[in-house]
Amino acid sequence: MKGDFNPFEMAQAQFDKVADQLNLDQATKDLLRNPLREYHFSIPVRMDDGSYKVFRGFRVQHNDAKGPNKGGIRFHPQETVDTVRALAMWMTWKCAVVNIPLGGGKGGVICDPHNLSMHEQEQICRGWVRQLAKNIGPINDVPAPDVMTSAQHMLWMLDEYEAVSGSKFPGVITGKPVGMGGSLGRTEATGFGLIYTVREALKLLNIDPANTSTSVQGFGNVAQYAIRLINQLGGKVICVSCWDQEDQTSYSFKKEDGIDLDELLGITDRFGGIEKDKAKELGYEVLDGDAWIEQEVEILLPCALENQIREDNVVKIKDSVKVIGEGANGPTTPEADKVIEEKGIFMIPDFLANAGGVTCSYFEQVQCNMNYYWEKDEVLDRLDTKMTAAFHAVSDLSKKRKLYMRDAAYVIAIQRVAQACKDRGWV
Ligand code: NAD
């Protein structure tokens with residue numbers, strides 16, 4: 001938790017607002033504004049120098065009325081249970097808005113992988129699973145990678161779960177390496193999923209993607225695949241921004257007639273940082289980090305961090321902008337949302353726009369449980385179908401009830417989960 005900001009209180013406030021609009025009864029509200037279950041535990045680890053250290057771990061299962069809980073595990077020195085609770089609740093809404101039969105979960109360990117050897121990290125992964133082996137599983141709670149955890153961490157966790165349970169359960173965890181139970185298409189899924197929704201928004205607005213320019217914040221996994229698909233649809237991307245590790249600040253890279261994705265990838269590190277001197281040599285203008293937001297484009301894609309479109313910089317958005325697609329989680333503050341709504345910009349909210357990742361994780365779980373793996377095209381076709389249907393359900397409701405897209409997405413998600421709880425006779 002940073003300073004006084006409490007993400008769980010924010011997640012509860014967002015829920016309360018929609019719950020009131022939906023006139024949910026008190027019991028349903030009480031059920032949904034808190035996690036169903038949470039586990040707090042200690043993970044003792046024998047460190048490489050022979051000493052022992054104890055790490056704190058968590059798993060929060062927010063709601064599983066629609067299916068097994070789903071959500072990542074993050075390793076972070078500032079991890080708090082309130083962050084995990086908020087993220088678990090947001091996972092419930094994200095799975096519900098794309099209508100996949102999963103609930104919301106999230107896990108974490110308070111640790112800093114930068115100061116841990118791979119062997120020590122492996123012990124934390126195995127310890128996390130040993131503490132929770134009875135409470136997770138392919139049909140009750142399926143973890144995945146998140147901040148500072150990778151496919152390798154997932155494989156260690158899978159291995160420990162299978163060792164403890166004495167059987168093969170590839171569907172217990174997702175985000176595994178391809179060839180070890182991972183799904184083809186997972187790398188592309190979030191960026192492509194984002195553009196499937198942008199493509200549908202453009203159709204509604206009668207805009208040909210080939211006549212659009214886009215500006216993107218971020219140049220990591222989500223941004224790179226979003227740009228690839230925009231280019232395939234005929235659109236050009238004129239500006240991208242990223243964090244510069246050396247200068248400890250962000251820069252924007254601009255080419256008015258369109259960036260060349262493969263050329264830029266050739267001078268980008270694995271953290272999505274672009275080498276600015278080489279970019280200059282290739283003819284890119286190097287501008288300050290905020291320049292991405294003030295471009296004369298039709299589409300803005302914040303794909304880096306939370307809290308990036310705020311009251312102070314939302315006014316810089318040009319009148320040419322017609323669509324904002326939130327690849328990142330939480331990039332827009334509520335104050336900026338008001339301005340965007342007034343300007344009539346078509347907002348595709350984060351938990352809909354970036355749900356391609358969890359949808360593909362769901363496909364990974366399905367493939368693992370069948371022990372039969374799909375070709376990449378099949379995965380991406382199914383992803384397109386799911387994202388397109390989810391987008392239209394939200395945009396139809398937004399039109400019918402004259403709701404801002406973010407509110408419409410919340411209404412659909414919360415209604416679906418509330419109904420599932422009711423149908424089961426819980427409340
Ligand atoms: P990534 O680490 O691959 O890339 C992050 C990019 O953001 C990098 O290019 C980095 O340089 C840039 N960046 C960091 N700080 C910046 C700043 N201040 N200004 C401009 N650029 C900055 O991360 P990613 O996987 O692409 O994820 C991006 C966002 O999307 C995150 O909010 C993440 O939570 C969200 N998201 C990702 C996925 C997924 O499947 N990868 C799924 C859902 C949501």
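Any idea how many residues of the range 20-58 are touching a strand residue (DSSP E or B) at 6+ places or on another chain (Cβ under 7 Å) and among the hydroxyl-bearing types (S, T, Y)?
Selection size over the range 20-58: 3.
In this structure, is K276 within 23 Å of I324 (Cα to Cα), touching an Asp or Glu at 6+ places or on another chain (Cβ under 8 Å), surrounded by 11 or more Cβ atoms within 10 Å (Cβ to Cβ) and not aromatic (F, W, Y)?
no
Residues of the range 260-315 being of a type in the set (G, A, S), under 21 Å from Q232 (Cβ atoms) and within 14 Å of the ligand (Cβ to nearest atom), which ones? Walk me through how you get there before you give the answer.
Filtering the range 260-315 for residues of a type in the set (G, A, S) gives 266, 272-273, 279, 283, 289, 291, 304.
Of the ones still in play, those that are also under 21 Å from Q232 (Cβ atoms) are 266, 272.
G272 - this is the single residue of the range 260-315 that is of a type in the set (G, A, S), under 21 Å from Q232 (Cβ atoms) and within 14 Å of the ligand (Cβ to nearest atom).
Under 6 Å between Cβ atoms, at least 6 apart or on separate chains: pull out the pairs that start in the range 29-44 with a residue that is among the small types (G, A, S) and end on any residue that is open to solvent by 60 Å² or more (accessible area, probe 1.4 Å).
S42/V54
Going residue by residue through the range 37-51, is there one that turns out to be touching an Asp or Glu at 6+ places or on another chain (Cβ under 9 Å) and modelled with pLDDT under 95?
Checked against the condition, which is being touching an Asp or Glu at 6+ places or on another chain (Cβ under 9 Å) and modelled with pLDDT under 95, the range 37-51 yields no hits at all.
Look at the range 151-164 and say how many of its residues are open to solvent by less than 50 Å² (accessible area, probe 1.4 Å) and more than 18 Å from F363 (Cα to Cα).
Within the range 151-164, residues that are open to solvent by less than 50 Å² (accessible area, probe 1.4 Å) and more than 18 Å from F363 (Cα to Cα) number 6.
List the number of the failed condition for G67; all other conditions in (1) open to solvent by 10 Å² or more (accessible area, probe 1.4 Å); (2) in contact (Cβ under 8 Å) with a residue 60 or more places away in the chain; (3) within 22 Å of the chain's Cα centre (by Cα) hold.
Only one criterion in (1) open to solvent by 10 Å² or more (accessible area, probe 1.4 Å); (2) in contact (Cβ under 8 Å) with a residue 60 or more places away in the chain; (3) within 22 Å of the chain's Cα centre (by Cα) is unmet by G67, namely (2).
Determine which member of the set V237, V222, V198 is on the phi < 0 side of the Ramachandran plot, open to solvent by less than 40 Å² (accessible area, probe 1.4 Å) and out of contact with any strand residue (DSSP E or B) (no Cβ under 6 Å at 6 or more places or on another chain).
V222
Could you look through the range 317-335, keep only residues that are outside any loop (DSSP other than H, G, I, E, B) and at pLDDT 95 or above, and pick out the one that is nearest to the ligand (Cβ to nearest atom)?
By that ranking, first place goes to G325.
Quick one: is D319 within 21 Å of E335 (Cα to Cα), open to solvent by 20 Å² or more (accessible area, probe 1.4 Å) and acidic (D, E)? I'd like the intermediate steps shown before the answer.
Working: within 21 Å of E335 (Cα to Cα): yes; open to solvent by 20 Å² or more (accessible area, probe 1.4 Å): yes; acidic (D, E): yes.
For D319, the condition - within 21 Å of E335 (Cα to Cα), open to solvent by 20 Å² or more (accessible area, probe 1.4 Å) and acidic (D, E) - is met.
The conditions are (1) out of contact with any Cys (no Cβ under 9 Å at 6 or more places or on another chain); (2) surrounded by fewer than 24 Cβ atoms within 10 Å (Cβ to Cβ), and P101 fails exactly one of them. Which is it?
(1)
Restricting the range 244-264 to residues that are out of contact with any helix residue (DSSP H, G or I) (no Cβ under 8 Å at 6 or more places or on another chain) and not in a loop (DSSP other than H, G, I, E, B), which is surrounded by the fewest Cβ atoms within 10 Å (Cβ to Cβ)?
Selected residue: D262.
The values are calculated or read from the model by the stated rules, or taken from the named source; none is laboratory data. In this text the structure is predicted, and so the values were computed from the model without any measurement. Glycine gets a Cβ as well: all are built from the backbone with ideal geometry, and neighbour counts include every protein chain shown. Heads up: the accessible areas ignore ligands, DNA and RNA and are worked out on the full protein's heavy atoms, side chains in. Shrake-Rupley method; radii C 1.70, N 1.55, O 1.52, S 1.80 Å.
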